[in-house]
Structure formats: C-alpha cells, structure tokens
Amino acid sequence: MAIASQYNAKRVEDKWYDYWMKNNYFHSEVDEREPYTIVIPPPNVTGVLHMGHMLNNTIQDVLVRRARLKGFNACWVPGTDHASIATEAKVVAKLKAEGIDKNNLSREEFLQHAWEWTNKHGGIILQQLKKLGASCDWERTKFTMDEDMSASVIKVFVDLYEKGLIYRGYRMVNWDPQAKTTLSDEEVNYEERNARLYYLKYKVDGTEDYLTIATTRPETILGDTAICINPNDERFSHLRGKKAIVPVCNRTIPIIEDEYVDMEFGTGCLKVTPAHDENDKNLGDKHDLEVIDIFNDDATLNHYGLHYEGKDRFVVRAEIVEELEISGFLAKVEDYVNKVGTSERTGAVIEPKLSDQWFLKMKEMAQPAIEAVLGDDINLVPEKFLNTYRHWMENVRDWNISRQLWWGHQIPAYFYGTGKNDFVVAETVEKALEKAREATGNSELQVSDLTQDKDALDTWFSSWLWPMSVFNGVLEPENKEIQYYYPTNDLVTAPEILFFWVARMIMAGYEYRGERPFKNVYLTGIVRDKQRRKMSKSLGNSPDPLALIEQYGADGVRVGMLLSSPAGNDLMFDEDLCKQGSSFSNKIWNAFRLVKSWEISEEIEQPETARMAIDWYTAKFQKTIREIEDHYSKYRISDALMSTYKLIWDDYCSWFLEMVKPGYGEPMDGKTYKAIIAILEDNLKILHPFMPFVTEEIWQAIKERSPEEALIVARWPEEREFGENIIKEFSHAAEVIAGVRKIRKDKNISFKNEIELRVLNNENTSTTFDGVISKMGNISNFEYVNGSVDGALSFRVRSNEYFIPIVGAIDVEAEKKKIQEELNYTEGFLKSVDKKLSNERFVNNAPEKVIAIEKAKKADAEAKIEALKASLNSLK
C-alpha cells in the first residue's frame with residue numbers, strides 16, 4: 001500500500017476506532033483466561049469531558065490496552081452517575097427558564113422532566129471518551145439509575161436497616177440552602193474567610209445592667225434561647241439564676257451555667273442558639289432549652305425573623321447590625337478570620353439545621369476497610385495518602401444518606417401513621433404493606449394508606465456499590481460474572497473522592513462480598529495551569545479537550561497529558577506538551593516511511609555494521625522493557641512513557657535507523673530488513689497503550705493482516721536474556737560519533753567528504769563498534785596509534801584521545817589564522833580582567849558577587865587560551 005507523506009491523525013483515528021468497534025475487541029466475556037478488570041469512575045450523566053477526565057481515562061486506557069496485549073481478558077466497564085444534586089439543579093433551572101416552578105409539580109411530573117433531560121444530554125461524555133481512544137466495553141455501559149442498579153441500591157438499604165446499621169434520627173445536619181438538601185460531612189468544604197466579630201449587649205432582666213456576647217452571626221440572635229456562663233468564672237457570679245432580654249425580639253431567656261463555655265474566648269458569655277449550631281444543640285439538650293429555627297429552607301428568615309421575614313440571611317445580617325447600632329445594643333466590631341463550611345456541589349454557605357434524616361453507622365463498617373489498606377490487601381498509590389485515609393477512617397462519623405431531592409433513588413421507607421416511628425422499610429410497596437399490617441395488627445391496611453418517604457438517597461449510596469452492581473453482584477451474588485471479574489484490579493481516580501467514593505466502596509466490598517473491591521488505587525493529581533491554578537470554567541483557564549484532540553490528535557494529547565503526570569502530584573498542563581506528543585507521532589510516521597522506502601535485495605550479505613546494530617538495539621530494547629515493567633508495577637505511568645519515548649525517539653530513530661541505513665542508491669539485504677521490521681513491531685507493541693492510533697496505522701501498513709492479527713490484540717514482547725556489555729560499548733561509540741560530528745560541524749567539513757580517524761586507546765576500549773563509527777562518521781581510515789598525532793584536530797572521550805588529520809579536509813593556514821585571531825582577542829580580554837582585579841579600589845568596594853564573577857571570567861579565559869595554544873601547536 002502507498003504510504004501517505006504526512007500523518008493525518010483525524011482520518012487515522014476515525015478509521016481505527018470504527019475498526020476496533022466493528023471487530024468487538026473491547027468486549028469481554030467470561031472465559032478461561034485470567035481477567036483484568038477496571039470500572040470507570042462514573043462521570044455525571046449530563047457532564048462533558050474536561051481535562052481531569054482526560055487524564056484519568058488516558059491512564060485507565062493505558063492500563064487496559066497493556067493488559068490486553070499481555071494476554072489478560074481485559075474488561076473496562078464504562079458508565080455514568082445520576083448525580084442527584086447537580087442534575088436536579090440543572091432540571092430546576094431549565095424548568096424555571098420555561099416559567100415552571102418545581103413546587104407546582106408532582107414528583108412524577110418532575111421525574112418525567114428529569115428523565116427527558118437525562119435522555120437528551122446524558123451519555124455525551126461517553127461519546128467524547130471514544131475520541132480519546134478509550135477502549136471501554138461499551139456493551140456493558142451502566143447508569144446508576146438503571147433498573148437493576150436501582151434494585152441493588154434498595155436491597156442494600158433494606159439489608160443495612162434490618163442489620164441495625166441504618167437508622168432515622170433527629171440531628172443537626174449540613175444544610176445546603178441553594179440545593180435545599182442535606183449534605184454529608186464529606187461534602188462540606190471548609191475555607192478561611194475574613195469576617196467580623198460583633199459584640200452585642202443584652203439587658204439583664206430586672207436590672208439596669210447589661211452583659212456582652214461576641215458573635216459572627218448577629219442575625220441568629222432571633223433564635224437565642226439562653227445565655228451561658230462558666231460556673232467557675234467569678235466575673236459573672238452576679239448573673240447566676242437571672243435572665244437576659246434578647247435585643248430586637250425582646251425575648252426573655254435564662255442565664256445558664258456550663259463548663260463548656262471557654263472563659264478566654266470573646267467576653268466569656270455565650271449566646272445559645274440550639275437550632276443553628278451543633279454545640280448549642282448539645283447544650284440545649286442538656287439544659288432542656290427551647291429550640292427556635294429562624295430559617296426557611298432557602299436560608300431566608302421565617303416568621304421568627306419578625307420584620308426581617310422573607311429576607312436572605314446575609315441581607316438580614318447587615319440590616320440587623322444597623323438596627324442594633326441605632327438601638328445602642330452594638331458595643332463594638334472587630335475583624336475576625338474564621339472557617340466557613342461551603343457546599344462541595346453548589347458553593348453555598350452551609351447552614352446547620354435540625355432535621356429528621358437517615359444515617360448509616362460507619363464505625364463498624366470502617367474497621368475491615370482500615371485493615372485492608374493499612375495491611376497489604378489494597379495498595380494506595382502514592383502511599384502519601386495512607387495517613388490521610390487512616391485519620392479519616394478512624395474518626396469517621398455516621399453518614400447522612402438522605403437528600404431532600406426527587407431525582408435519585410427514593411428511600412424505601414413507608415409511613416403508615418402519624419408517629420415518628422410509624423414506618424416500615426421494604427424493597428417494594430407490596431412487601432411494605434405486609435410489614436405494616438404486621439406492625440399494626442391491622443389486616444385492613446391498603447397500599448393507599450402508605451406514604452413513601454419523599455427523600456432520595458445520597459448519590460454516593462449508589463456509586464459505593466459500583467464494582468459489584470455493574471456485574472449484578474448485589475442481586476445475584478453467585479452469578480458467573482461477579483465470580484470472575486470481581487475483585488477488580490485497578491481503580492484510577494482523584495484524591496478528592498478518596499472518602500466520598502473509594503473508602504465507601506471498600507466498606508461495601510467487605511460487607512457484601514467479604515473481600516476487597518480492587519487491588520490497587522491509583523490516585524491522580526489535579527490538572528492545573530502553568531500558574532498552578534486549578535483549571536475551572538470561572539477562571540477560563542481550561543482548554544476544550546476536544547479542540548486539543550482536533551489540533552494535536554488523540555495520541556498527541558494522550559502523550560502530552562502523561563508526560564507530566566506523576567501519581568498523586570498535580571499536573572501542570574502545558575499545551576506545548578501536546579505539541580510534543582503530536583511531533584512524536586510525526587517522528588514515528590516518518591521513520592516508518594524511511595524503512596518502507598528502502599529497496600530490498602535477498603542476494604546481498606548482511607553487513608557486519610547492521611548485525612552489530614541489531615544486536616545492540618535488541619539488548620537495549622530488553623533493558624528498556626524491564627525498566628518499563630518496573631515503572632508499571634509501581635504505577636509510574638509517565639515514567640513508563642518517558643522510557644518508551646526515549647527508546648524510540650533516541651535509540652531507534654536517531655541511532656538504530658542511521659546505523660542500518662543502506663548507502664545512497666544501494667539496496668538493503670533481506671536479513672537486516674526482516675530484523676528491522678521485527679524490531680519495529682516490538683516498538684509498536686510497547687508504544688500502543690500510550691499511542692493506540694498511530695501504532696495501529698503503522699502496524700496495519702507493514703503488511704496485510706487479518707482482524708485476529710490486529711495490534712490491539714497482539715502479544716506483548718517477551719523478556720529475554722541480554723548482555724549489558726554491548727550497551728556500554730555502544731554508549732562509548734556514540735560519544736565518539738558525536739565528537740566526530742561536532743568537529744565536522746565546527747570546521748564546516750561536509751559529511752560527503754571522507755576523513756581519517758586516529759585513536760590513542762588509553763583505556764583499552766572495545767573495538768566492537770569501530771565499523772559503525774566509520775560508517776556514521778564517514779571515515780575512510782580508522783587506525784589505532786601509540787602517541788599524539790601532529791597536524792590533527794582532536795577531542796577526548798573519557799581517557800581516550802581521537803585525532804582527525806586535517807590534510808585535505810580543511811585549509812590549514814586559514815584555520816591557524818582563525819585560531820590566532822581568537823587567541824589574540826582572548827588574551828586582550830584577559831588583560832582587561834586582570835587590570836580590573838589588580839585595581840585595589842575596585843576590589844575593596846565591589847560586592848563579593850561581582851568580584852566572584854570577574855574571577856570566573858579570568859579562569860575561563862586562561863583555560864580557553866591554553867586550549868587555543870594547544871590547537872595551534874597541533875597544526876604546526
């Protein structure tokens with residue numbers, strides 16, 4: 001076939017991805033081979049590809065393609081997550097734009113809109129991953145709201161409830177007023193913010209005295225139900241048993257005593273607002289205080305807010321401070337830095353809120369997950385995350401798993417009465433009816449008498465089952481697929497979801513299968529720009545991945561992403577690396593074109609130089625493949641790429657092909673050509689995981705192949721014994737060739753002109769590659785000598801001296817004149833430096849750094865003069 005003069009990435013990528021799909025190479029079925037399994041971290045169903053996805057999925061594809069080449073039954077399961085909060089927010093925004101209020105819809109009507117949105121926008125990201133070359137088993141694509149996936153979630157909820165691990169409790173939770181739902185502790189980000197500390201005066205009831213409290217949230221005084229002092233604080237002994245009056249609302253509240261109060265903080269008097277602070281709630285429970293919730297679900301004030309009703313909490317903060325100041329209740333204001341909790345999803349400031357919610361007890365489930373990671377059952381890469389993991393798991397709190405959302409898995413709890421505990425938990429409404437009849441003793445109860453809990457489960461409560469549920473391992477724990485593919489091998493994900501997802505999957509794995517869900521967890525870094533800023537839409541610093549693929553080709557982008565991506569360390573993305581990746585594609589393509597351009601003859605003998613080149617490269621390949629295997633075993637994927645890159649760019653393209661290349665217009669012997677093709681094929685195999693498209697294109701262009709002979713299903717090169725000595729010998733020869741080339745370049749000696757080379761072999765260097773040196777240096781006469789050679793240009797390689805006689809090669813007189821001129825200039829320069837350094841005034845007054853620079857100039861000039869004089873002497 002004709003070889004295109006230029007590599008066309010777009011044409012090649014479309015062609016081979018279609019070919020791979022048509023021949024079903026990505027699909028896996030249970031068979032006798034050893035499985036290699038990865039489950040994709042499911043992206044949001046309505047999401048689009050970003051740079052983090054690019055990095056994560058490139059690494060997964062590298063691992064899967066390598067496993068396929070190594071003969072494993074590779075299975076990479078793709079899928080998407082229903083993403084309750086994010087998707088519901090998008091649907092609500094869409095409805096609002098159409099003039100529809102979610103509150104005016106029934107649950108069924110809203111879910112119809114949500115499914116329409118999901119079906120329209122869902123799965124786009126999976127199609128985009130195909131552009132990257134992702135070799136997922138697309139026939140296995142799962143969605144966390146699929147019927148069987150949903151059934152798995154509900155079954156697990158019921159099981160954990162019946163085990164006493166899930167319970168319903170009235171507790172202080174993290175409330176996201178923008179999404180109008182609770183969040184787990186792990187979904188709250190804490191950030192330092194500049195705030196104000198307000199000192200407010202409360203009148204002591206029945207006196208003319210005032211006490212002062214300090215707060216960062218003056219709007220919450222409308223929910224105060226006590227003032228608390230420390231019983232050991234003598235400053236306030238006169239307040240014992242008295243009451244205070246809350247400013248603005250004029251509510252009379254008790255002054256209580258508790259050692260919880262820090263006498264050193266603020267004024268020593270603490271306002272107690274049980275509805276809006278967890279510590280205050282604990283105090284309230286202890287002292288039987290009233291609980292007054294002043295906020296609506298959107299963090300506007302309710303009727304307890306009096307004349308501020310309906311206004312946002314931050315608006316009220318500003319207005320109530322003004323009112324307090326006018327009324328004389330504001331003593332002073334100080335600047336203050338405090339930590340504020342914000343929603344991981346919406347960025348809204350979290351509001352502590354008392355609410356009936358569902359919780360999962362974590363302490364008991366965490367224990368096997370701690371032991372698995374701290375032992376050697378599961379590897380975290382890099383290990384620096386071990387301590388973080390252990391700290392979180394040893395201090396884990398119960399998981400709030402209910403969300404005030406409609407999009408998601410509705411909690412399978414059914415209420416049959418008005419009491420808090422008048423409910424049953426069951427997988428279906430029919431089973432719930434049976435349980436309700438049993439609980440009440442009322443056989444007349446009907447389905448219509450049951451009301452299902454309106455809340456949905458936290459999205460992570462479905463994705464924590466992902467490695468099992470994608471193989472239907474929850475509903476059918478003994479089925480052949482879960483028995484074969486589970487536990488999976490590698491999980492590639494981001495450190496920020498180590499607790500949201502990874503830790504919980506480990507817990508679920510041990511709870512439901514008694515074993516780990518995966519062996520290795522590879523934690524990628526965060527993709528940042530060159531200024532170390534995290535890439536984001538708001539900063540406008542995140543390039544469009546598809547535009548990068550369009551410009552540099554998928555292979556180029558994959559290489560660009562991996563060239564600077566050590567595990568667990570942030571990636572400083574630079575588009576120039578994609579350009580470098582694209583250049584690598586072109587380099588490989590042009591090297592292949594060169595090989596295919598050679599005329600082959602079976603009549604001629606193999607030159608000794610070609611045999612030596614083949615022996616050397618074979619040894620170098622074997623050494624490199626061991627390095628690559630070591631990098632893979634330690635999940636140093638970027639290092640594995642760099643070793644492969646250097647082998648092919650430097651050793652194969654720059655050295656090997658030059659060593660075996662036939663003379664101009666001459667044919668190549670058949671034996672050498674066959675060896676070159678075999679070497680090329682091995683190169684393509686180890687490069688394929690990183691650059692699947694260009695390697696498959698070249699592989700198929702070498703000769704006609706059947707679908708069974710495609711590169712994607714070829715066999716990884718075998719490790720064989722090799723000699724280190726030949727590699728060392730060529731390393732020395734390469735330095736000699738570089739020395740010859742430098743002299744040719746410096747002295748403008750054309751490569752077409754033959755030269756002679758004399759060697760003073762002081763270290764008894766091997767002569768193995770003398771023929772290669774002669775060929776690559778265009779040397780007519782290569783000779784060993786016992787002493788220096790007069791009238792020659794020279795250079796050193798280690799302790800050996802190499803001489804190039806210049807008779808006929810250069811104009812000796814012109815060269816001498818040129819060297820003399822340079823010598824004269826350098827001697828003049830040295831005199832000026834000496835003059836400066838002999839100037840006592842200069843030396844005494846100049847900074848040490850300046851004097852050091854001048855001394856370095858002197859030393860450099862003296863060394864150069866010595867070298868120039870030696871060159872002149874050799875030309876006499």
In segment 429-469, the residues that are among the small types (Gly, Ala, Ser) and without any contact (Cβ under 8 Å) to a residue 24 or more places away in the chain: 432, 436, 439, 441, 443, 448
Contacts under 6 angstrom Cβ, first residue in segment 533-561 being over 13 Å from residue 55 (Cα atoms) and open to solvent by 90 Å² or more (accessible area, probe 1.4 Å), partner of a type in the set (Ser, Thr, Tyr) and part of a loop (DSSP other than H, G, I, E, B), 6 or more apart: none
Residues located in segment 175-196, provided they are under 14 Å from residue 458 (Cβ atoms) and out of contact with any Asp or Glu (no Cβ under 7 Å at 6 or more places or on another chain): 176, 179, 181, 182, 185, 186
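Okay, residues lined up against (1) part of a strand (DSSP E or B); (2) within 26 Å of residue 469 (Cα to Cα); (3) open to solvent by less than 10 Å² (accessible area, probe 1.4 Å):
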{"site": "66", "(1), (2), (3)": "no, yes, no"}
{"site": "76", "(1), (2), (3)": "yes, yes, yes"}
{"site": "86", "(1), (2), (3)": "no, yes, no"}
{"site": "91", "(1), (2), (3)": "no, no, yes"}
{"site": "94", "(1), (2), (3)": "no, no, no"}
{"site": "99", "(1), (2), (3)": "no, no, no"}
{"site": "103", "(1), (2), (3)": "no, no, no"}
Residue in segment 507-518 that is surrounded by fewer than 17 Cβ atoms within 10 Å (Cβ to Cβ) and in a loop (DSSP other than H, G, I, E, B) present: yes
Verdict on residue 516 being touching a helix residue (DSSP H, G or I) at 6+ places or on another chain (Cβ under 6 Å), basic (Lys, Arg), more than 22 Å from residue 134 (Cβ to Cβ) and touching a residue at least 60 places away in the same chain (Cβ under 8 Å): yes
Test: residue in segment 633-641 that is open to solvent by less than 20 Å² (accessible area, probe 1.4 Å), out of contact with any strand residue (DSSP E or B) (no Cβ under 7 Å at 6 or more places or on another chain) and β-branched (Val, Ile, Thr): yes
Residue list for segment 703-739, filter: over 27 Å from residue 801 (Cα atoms), among the small types (Gly, Ala, Ser) and surrounded by 16 or more Cβ atoms within 10 Å (Cβ to Cβ): 710, 714
Which numbered condition residue 597 fails, given (1) of a type in the set (Ser, Thr, Tyr); (2) open to solvent by 50 Å² or more (accessible area, probe 1.4 Å); (3) modelled with pLDDT of 95 or more: (3)
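Restricting to segment 129-159, name every residue that is touching a strand residue (DSSP E or B) at 6+ places or on another chain (Cβ under 8 Å), assigned to a helix (DSSP H, G or I) and buried (at least 21 other Cβ atoms within 10 Å of the Cβ).
Initially, segment 129-159 is screened for residues touching a strand residue (DSSP E or B) at 6+ places or on another chain (Cβ under 8 Å), giving 134-137, 140-144, 149, 153, 157-158.
Checking the rest, the ones that are also assigned to a helix (DSSP H, G or I) come to 140, 149, 153, 157-158.
Listed by number, the residues that qualify are 149, 153, 157.
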Test for residue 367: is it out of contact with any Leu (no Cβ under 6 Å at 6 or more places or on another chain) and open to solvent by 50 Å² or more (accessible area, probe 1.4 Å): yes
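Suppose the filter is among the acidic types (Asp, Glu), surrounded by fewer than 18 Cβ atoms within 10 Å (Cβ to Cβ) and either over 47 Å from the mean Cα position of the chain (by Cα) or at pLDDT 90 or above (or both); does residue 754 pass it? If you could, list the steps in order and put the result at the bottom.
Numbers: among the acidic types (Asp, Glu): yes; surrounded by fewer than 18 Cβ atoms within 10 Å (Cβ to Cβ): yes; either over 47 Å from the mean Cα position of the chain (by Cα) or at pLDDT 90 or above (or both): yes.
The answer is yes for residue 754.
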Segment 303-330, residues that are of a type outside the set (D, E, K, R) and surrounded by 16 or more Cβ atoms within 10 Å (Cβ to Cβ): 304, 305, 308, 316, 320, 321, 324, 329, 330
Pair list, Cβ < 7 Å and 6+ apart or interchain, from segment 741-767 residues that are part of a loop (DSSP other than H, G, I, E, B) to residues that are open to solvent by 90 Å² or more (accessible area, probe 1.4 Å) and modelled with pLDDT under 90: 763/798
From 797, 833, residue being among the β-branched types (Val, Ile, Thr), within 28 Å of residue 765 (Cα to Cα) and surrounded by 16 or more Cβ atoms within 10 Å (Cβ to Cβ): 797
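State the number of residues belonging to segment 703-727 that are of a type in the set (Lys, Arg) and closer than 20 Å to residue 133 by Cβ. Even if it seems obvious, please write down each step before you answer.
Applying the first criterion (of a type in the set (Lys, Arg)) to segment 703-727 yields 703, 705, 715, 720.
With closer than 20 Å to residue 133 by Cβ added as a condition, the list becomes 705.
So the count comes out to 1.
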In segment 8-25, the residues that are part of a loop (DSSP other than H, G, I, E, B) and in contact with a Lys or Arg (Cβ under 9 Å, 6 or more places away or on another chain): 25
Residue within segment 383-394 that is touching a residue at least 60 places away in the same chain (Cβ under 8 Å), under 30 Å from residue 143 (Cα atoms) and touching a Pro at 6+ places or on another chain (Cβ under 9 Å) present: yes
Matching residues, segment 575-594, being over 28 Å from the mean Cα position of the chain (by Cα), of a type outside the set (A, V, I, L, M, F, W, C) and either more than 18 Å from residue 692 (Cβ to Cβ) or open to solvent by less than 60 Å² (accessible area, probe 1.4 Å) (or both): 590, 593
Residue match in segment 289-301 (condition: under 20 Å from residue 247 (Cα atoms), acidic (Asp, Glu), open to solvent by 10 Å² or more (accessible area, probe 1.4 Å) and not in a loop (DSSP other than H, G, I, E, B)): no
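Whether any residue in segment 485-499 is part of a loop (DSSP other than H, G, I, E, B) and under 25 Å from residue 179 (Cα atoms) is what I want to check. Break it down into steps so the answer makes sense when it comes.
At the first step, the residues of segment 485-499 found to be part of a loop (DSSP other than H, G, I, E, B) are 486-487, 494.
Among the residues that remain, those that are also under 25 Å from residue 179 (Cα atoms) are: 494.
Scanning segment 485-499 turns up at least one residue that is part of a loop (DSSP other than H, G, I, E, B) and under 25 Å from residue 179 (Cα atoms).
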Scan of segment 836-871 for residues that are open to solvent by 60 Å² or more (accessible area, probe 1.4 Å), farther than 30 Å from residue 794 by Cβ and in contact with a helix residue (DSSP H, G or I) (Cβ under 8 Å, 6 or more places away or on another chain), ordered by number: 836
Members of segment 28-62 that are touching a strand residue (DSSP E or B) at 6+ places or on another chain (Cβ under 7 Å), closer than 22 Å to residue 641 by Cβ and either open to solvent by less than 10 Å² (accessible area, probe 1.4 Å) or of a type in the set (D, E, K, R) (or both): 38, 40, 51, 55, 59, 60
Selection status of residue 521, free of Cβ contacts under 8 Å to residues at least 40 places away in the same chain and open to solvent by less than 10 Å² (accessible area, probe 1.4 Å): no
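Would you say residue 207 is surrounded by 14 or more Cβ atoms within 10 Å (Cβ to Cβ) and either among the hydroxyl-bearing types (Ser, Thr, Tyr) or modelled with pLDDT under 95 (or both)? Show your work before the answer.
Working: surrounded by 14 or more Cβ atoms within 10 Å (Cβ to Cβ): no; either among the hydroxyl-bearing types (Ser, Thr, Tyr) or modelled with pLDDT under 95 (or both): yes.
Here the answer is no, as residue 207 does not meet what is asked.
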Candidate set: segment 26-59, residues that are assigned to a loop (DSSP other than H, G, I, E, B) and of a type in the set (Val, Ile, Thr); chosen: the one nearest to residue 542 (Cα to Cα): 48
Selection count, segment 423-454, where residues are surrounded by 13 or more Cβ atoms within 10 Å (Cβ to Cβ) and either within 19 Å of residue 159 (Cα to Cα) or small (Gly, Ala, Ser) (or both): 16
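The values are calculated or read from the model by the stated rules, or taken from the named source; none is laboratory data. Being a predicted model, the structure only gives us computed values, none of them experimental. Don't worry about glycine lacking a Cβ; one is built from the backbone with ideal geometry, like all the others, and counts go over all protein chains shown. For the accessible areas, the whole protein counts, side chains as well, though only heavy atoms, and no ligand, DNA or RNA atoms are used. Shrake-Rupley method; radii C 1.70, N 1.55, O 1.52, S 1.80 Å.
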